[in-house]
1. Going by the conditions given, is Lys47 free of Cβ contacts under 8 Å to residues at least 24 places away in the same chain, of a type in the set (Lys, Arg) and surrounded by fewer than 16 Cβ atoms within 10 Å (Cβ to Cβ)?
2. Residue by residue through the range 111-122, note down the ones that are buried (at least 21 other Cβ atoms within 10 Å of the Cβ) and not small (Gly, Ala, Ser).
3. Checking Lys158 against (1) in contact with a strand residue (DSSP E or B) (Cβ under 6 Å, 6 or more places away or on another chain); (2) among the basic types (Lys, Arg); (3) buried (at least 17 other Cβ atoms within 10 Å of the Cβ), which single condition isn't satisfied?
4. Say whether the condition of being outside the structural domain of Phe53 (by TED's automatic domain parsing) and at positive phi is met by at least one residue in the range 153-168.
5. Could you tell me which of the residues Ala55, Ala60, Ala119, Ala64 is assigned by TED's automatic domain parsing to the domain that holds Phe161, modelled with pLDDT of 95 or more and small (Gly, Ala, Ser)?
6. Could you please find all residues in the range 77-108 being more than 10 Å from the chain's Cα centre (by Cα), under 13 Å from Asp123 (Cα atoms) and of a type in the set (Ser, Thr, Tyr)?
7. If I filter the range 158-189 down to residues being assigned to a loop (DSSP other than H, G, I, E, B) and at pLDDT below 75, which single residue comes out as nearest to Thr147 (Cα to Cα)?
8. Can you spot a residue in the range 22-39 that is surrounded by fewer than 16 Cβ atoms within 10 Å (Cβ to Cβ), hydrophobic (A, V, I, L, M, F, W, C) and under 22 Å from the mean Cα position of the chain (by Cα)?
Amino acid sequence: MDFNSDDYFQEKFLKIAATDKTYQEITFEECRFNECNFIKCSFNKCKFINCEFDACVLSAVIFASSRLIDVNFKNSKIIGIDWTKTQQIQQLSFKKCQINYSNFRLLKIPNTKITDCEAKEVDFIETDLNNSDLTNTDFEKSVFAKTNLSKANLIGAKNYFIDINNNNLKKARFSIPEALTLLDSLDVIIK
């Protein structure tokens, strides 16, 4: 699929299938992508503003120097994305998605929503997730180190290992019994 314009406003894209394509300097504003597959595609210097991806597959996609502002992903597979390649991320939302093998290292993305998701082996090292909603998400083998999780909501989240001495957890919310894993980093014995 080739996009023939540099600007798209309130467009609906259905069942696009693209592999190894490069898209350059395209702006998508208030666009909806439904059942689209972008595999190993590059979006270079593109803008996604107030867009929604529903039931899509984005695997090993590169958002090089792109801007994603108020972008919502639902029921999608967004696998192996290195979000650090973007120029700007603001107000990302993932609902019922797989975001496995992604990299958010060093990003300042407060107020992010990752709810009811599978987020396995995701890199959150030194990521600012202040005031984020991370409820009901599976964080198996994800890495949290020097991560700002202050005021984050992790109720219902599971399979996480978060060292309480190495992360900012001020006013973060957790649920029992998963919250007991926070004690693992203290090297204590509880009977």
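The values are calculated or read from the model by the stated rules, or taken from the named source; none is laboratory data. All figures in this text were calculated on a predicted structure; none of them were measured in a lab. Quick reminder, even Gly has a Cβ in these numbers, built from the backbone with ideal geometry, and neighbours come from all protein chains shown.
1. Working: free of Cβ contacts under 8 Å to residues at least 24 places away in the same chain: yes; of a type in the set (Lys, Arg): yes; surrounded by fewer than 16 Cβ atoms within 10 Å (Cβ to Cβ): no.
Taking the combined requirement at face value, the residue does not satisfy it.
2. Step one: filter the range 111-122 for residues buried (at least 21 other Cβ atoms within 10 Å of the Cβ), giving 112, 114, 117, 119, 122.
Matches in the range 111-122: Thr112, Ile114, Cys117, Val122.
3. It is condition (3) that Lys158 fails.
4. First pass over the range 153-168, keeping only residues outside the structural domain of Phe53 (by TED's automatic domain parsing): 153-168.
Now drop any that are not at positive phi, which leaves 156, 159.
Yes.
5. Details: Ala55 fails: assigned by TED's automatic domain parsing to the domain that holds Phe161; Ala60 fails: assigned by TED's automatic domain parsing to the domain that holds Phe161; Ala64 fails: assigned by TED's automatic domain parsing to the domain that holds Phe161.
After ruling out the rest, the residue left standing is Ala119.
6. If the condition is that a residue be more than 10 Å from the chain's Cα centre (by Cα), under 13 Å from Asp123 (Cα atoms) and of a type in the set (Ser, Thr, Tyr), then Thr84, Tyr101 are the ones that fit.
7. Taking the range 158-189 first, the residues assigned to a loop (DSSP other than H, G, I, E, B) are 159-161, 163-167, 169-172, 174-177, 187-189.
Remaining after also requiring at pLDDT below 75: 187-189.
Numbers: Asp187: 20, Val188: 23, Ile189: 26 Å.
The extreme case among them is Asp187.
8. Yes: the range 22-39 contains one or more residues that are surrounded by fewer than 16 Cβ atoms within 10 Å (Cβ to Cβ), hydrophobic (A, V, I, L, M, F, W, C) and under 22 Å from the mean Cα position of the chain (by Cα).
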